[in-house]
Amino acid sequence: MRVCIVGCGAVGSLFAANLAGLDDVEVWAYDLFKEHVEAINRDGLRLSGAGEALGRLTATSDPTELP
């Protein structure tokens, strides 16, 4: 399954990182904040707090790059 998360703020990041941890889900993220997109592509999307998660996904700020 392929999923696109639009906006990687608090809630979008929560969904994106956890979905990216599933074997059968390809996660894309669309966000306008280019520095955040670059960091996600370089380092993954790390969540911390009550639990820890590191999602490896593809992020873009260019909608034409979305599959």
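The values are calculated or read from the model by the stated rules, or taken from the named source; none is laboratory data. Here the structure is a predicted model, which means the values were calculated and not measured. Reconstructed Cβ throughout: ideal geometry from the backbone, glycine too, with neighbour counts over all protein chains shown. Please note that ligands, DNA and RNA were not included when accessible areas were found on the heavy atoms of the full protein model with its side chains. Shrake-Rupley method; radii C 1.70, N 1.55, O 1.52, S 1.80 Å.
For the stretch 21-67, give me each residue that is among the small types (Gly, Ala, Ser) and within 13 Å of CYS8 (Cα to Cα).
ALA29, ALA39, GLY44, GLY55, ALA59, SER61
Looking at ALA39, ALA16, which one is outside any strand (DSSP E or B), over 8 Å from the mean Cα position of the chain (by Cα) and not aromatic (Phe, Trp, Tyr)? Before you say what the answer is, go through the steps one by one.
Values: ALA16 fails: over 8 Å from the mean Cα position of the chain (by Cα).
Result of the check over ALA39, ALA16: ALA39.
I'd like the full set of residues that are acidic (Asp, Glu) and within 21 Å of PRO67 (Cα to Cα), limited to the stretch 1-57.
If the condition is that a residue be acidic (Asp, Glu) and within 21 Å of PRO67 (Cα to Cα), then ASP23, ASP24, GLU26, ASP31, GLU38 are the ones that fit.
Got a sec? Which of CYS4, CYS8 is outside any strand (DSSP E or B), in contact (Cβ under 8 Å) with a residue 40 or more places away in the chain, open to solvent by less than 80 Å² (accessible area, probe 1.4 Å) and not β-branched (Val, Ile, Thr)?
On inspection, the qualifying residue turns out to be CYS8.
How about the stretch 18-67: which of its residues are open to solvent by less than 30 Å² (accessible area, probe 1.4 Å), touching an Asp or Glu at 6+ places or on another chain (Cβ under 9 Å) and not aliphatic (A, V, I, L, M)?
Correct list: THR60 only.
Which residues, taken from the stretch 14-67, are within 18 Å of MET1 (Cα to Cα) and of a type outside the set (A, V, I, L, M, F, W, C)?
ASN18, GLY21, ASP23, ASP24, GLU26, TYR30, GLY55, ARG56, THR58, GLU65, PRO67
Any residue in the stretch 14-40 that is modelled with pLDDT of 95 or more sitting within a Cβ distance under 6 Å of a residue that is open to solvent by 80 Å² or more (accessible area, probe 1.4 Å) and among the hydrophobic types (A, V, I, L, M, F, W, C)? List the pairs, counting only those 6 or more apart or interchain.
Final answer for the pair search is VAL25/MET1; TYR30/VAL6.
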